[in-house]
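In what follows, a single structure is set out as structure tokens and then discussed.
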Amino acid sequence: DISVMLKCVAQIHHEKGQHGRAHQVYEESLRIAREALGPNHVEVASTLNKIGNLHYERGDFDAALDVYSKGLDVERAVLEPDHPNIVVTLTNIGQIYQHRGDHQQAVRMYHDALEIQRRTLGLQHSSVTATLSSIGLVTYQMGNYALALDVYQEVLRTRRDACLKAGTDDDLPVASTLNSIGLVLFKRGVHELAMSAFAEGLRIRRRLLGPDHRDVAIIVYNMATVQIEMGDEEEAMQAYRETLRIERAALGPDHEDVVLTMQHIGQVHQQRGDLRQALEYFEEAPPASFDCAEVQWSGASSARAWLQ
């Protein structure tokens, strides 16, 4: 009982952002739980996972991985093999491997979670498609675009089937999957099909979110990048300007995405020899200081990797 109360106290410190104090109290709760209940108990597993969450939020992925792995060992010792808590822990470990760039291990963890989900939830469950999407993203990051495309097409079929059964039109998860498919096709150089996927995703997002939502800007931006690659510079510039308009409305004038889009418009002007216009965009863009792994730019050949 003391261990449980200490865990509750630690959670309050955790939620208040007092991570150092939360970690101390979690560790004390874990020590008492092990003494009172033994090393293999659900309370021990629960506290280990909360400590793992804390390390993850602090960006200490090595410590988080170590604690999650210990929690997974306890869960497998005391829970049914298809227990949902095991799925959560496998997913957490997969995310850490993905952050560390250990893609093979990440895929292995996601596949282990997927097998349990398929057995317990069925093939059509939203949690199954979410895990498949994670596998698609990792294979995309590995550069295995053919496999990533297969995975995302399976996700798209499942999500569209779910919409049909519910008697609804395509929803936002469908639009996100279409965006992911568009990026994979772009990487494979299949530009016209990429544009078709983006256009369909854009139609859904505009209908469900309105014309000025940030997620609308994401797809418009990706379409502009494909148009640049296809040599349609005028249409691309129109799309970049539309992206800029939406981002300013949704995010404010100084957001990092606004800065990035302005810089890209300036670069396109510069590549076209429109140096005066390029200078105007470069001078107007506030200084950028950010590091976003999902945004990539190399000349005119990279799209934002807004995979979801």
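I'd like the orientation of helix 19-37 relative to the chain: the angle between its Cα long axis and the longest Cα principal axis, in ° from 0 to 90, rounded to 10.
The helix 19-37 is inclined about 40 degrees to the chain.
At a 10 angstrom cut-off on C-beta neighbours, averaged per residue, how do the peptides 216-226, 21-31 rank from highest to lowest?
Working: 216-226: 25.7, 21-31: 19.1.
Ranked from most to least packed, the peptides come out as 216-226, 21-31.
At a 1.4 Å probe radius, carbon and sulfur cover how many percent of the accessible area of the chain?
Details: 7360 of 14940 Å².
So the carbon and sulfur contribution to the accessible surface is 49 percent.
So what's Rg/Rh here for the stretch 108-170, counting alpha carbon atoms and using the Kirkwood radius for Rh?
Numbers: Rg = 12.2 Å, Rh = 12.1 Å.
On the Cα set of the stretch 108-170, Rg over Rh gives 1.01.
With the crude spin-label approximation of a point 7 Å out along Cα→Cβ, what separation in nm comes out for Arg157 versus His125?
In this crude label model, Arg157 to His125 measures out at 2.1 nm.
What does the convex hull of the Cα atoms of the stretch 162-252 come to per residue, in Å³, rounded to a whole number? Don't jump to the answer; show the numbers that get you there.
Values: hull volume 7.7 nm³, N = 91.
Spelled out: Cα convex hull of the stretch 162-252, divided by residues, is 84 Å³.
Note down the nm distance, to one decimal, between modelled labels 7 Å out along Cα→Cβ at Glu235 and at Glu192.
In this crude spin-label approximation the distance works out to 1.1 nm.
Once the piece of chain linking Thr168 and Arg203 is laid out straight, how much longer is it, given 0.36 nm per residue of separation minus the C-alpha distance between them? Mind dumping the intermediate values first?
Numbers: separation 35, 0.36 × 35 = 12.60 nm, distance 1.53 nm.
The Thr168-Arg203 span can extend by a further 11.1 nm.
So what's Rg/Rh here for the stretch 74-215, counting alpha carbon atoms and using the Kirkwood radius for Rh?
On the way: Rg = 16.3 Å, Rh = 16.1 Å.
Over the Cα atoms of the stretch 74-215, Rg/Rh equals 1.01.
Which FRET efficiency value, to the nearest 0.05, is calculated for Leu37 and Arg108 with the Förster distance at 22 angstrom and r the Cβ-Cβ distance?
Rounded to the nearest 0.05, the efficiency is 0.10.
Quick one: P(r) of the stretch 63-150 from all Cα-Cα pairs, 10 Å bins, percents rounded to integers, in order of increasing distance.
Here the calculated profile for the stretch 63-150 is 18, 48, 29, 5.
Please give the Cα centre distance for the stretch 42-82 versus the stretch 110-135, rounded to the nearest Å.
20 Å
Sorting Ser180, Ser46 by accessible area (1.4 Å probe), largest first, what list results? Don't skip to the answer; put the middle values down first.
Working: Ser180 0, Ser46 35 Å².
Ranking Ser180, Ser46 by accessible area, largest first, yields Ser46, Ser180.
So how tilted is helix 172-187 from the main axis of the chain? Cα-based, degrees 0 to 90, rounded to 10.
It is inclined by approximately 60 degrees.
Please report the orientation-averaged projected area of the stretch 6-115, defined via the convex hull of its C-alpha atoms, in nm². Kindly include the intermediate steps, with their values, before the conclusion.
Numbers: hull surface 25.9 nm².
Over every viewing direction, the Cα hull of the stretch 6-115 projects on average to 6.5 nm².
According to a simple spin-label model (label point 7 Å from Cα along Cα-to-Cβ), what is the distance in nm between Ala249 and Ile2?
6.1 nm
So how compact is the chain: Cα radius of gyration and Dmax in angstrom?
22.9, 74
The values are calculated or read from the model by the stated rules, or taken from the named source; none is laboratory data. In this text the structure is predicted, and so the values were computed from the model without any measurement. So basically every Cβ, Gly included, is an ideal-geometry build from the backbone, and we count neighbours across all protein chains shown. When the accessible area is computed, the model is the full protein with side chains, heavy atoms only, and any ligands, DNA or RNA have been set aside. Shrake-Rupley method; radii C 1.70, N 1.55, O 1.52, S 1.80 Å.
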